[in-house]
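Here is the structure we will look at.
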Amino acid sequence: MNLSLPQQFEAEAIKRSIDDTDDLDQLKALARELADLYVRQRAATAWVIAEK
């Protein structure tokens, strides 16, 4: 799947934010947030597929 240019910029910004962070607590918080978003995205995708 190809990302749009704005999506590519967003992904790069997130990656740079991770690379620039030395605070372990901040990295853990980001990892928890990304895990939550991943699970929610999978649930949303499953819901859309089930509705078809």
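Just so you know, all these numbers are worked out from the coordinates, no wet-lab data involved. Computed from a predicted structure; not experimentally measured. Positions of Cβ are generated from backbone atoms using ideal geometry, with glycine treated the same way; all protein chains shown enter the neighbour counts.
Data table
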quantity	calculated
Computed P(r) (all Cα pairs; the range 8-52; 5 Å bins; percent)	5, 20, 18, 20, 15, 10, 7, 4, 1
Helix axis angle, 24-51 relative to the chain longest principal axis, alpha carbon, degrees	10
Pairwise label distance in nanometres, residue 33 with residue 9, each label 7 Å out on the Cα-Cβ vector	1.9
Rounded to 10°, Cα long-axis angle of helix 5-20 versus longest principal axis of the chain	40
Inter-site label distance for residue 25 and residue 42 at 7 Å from Cα along Cβ, in nm	3.0
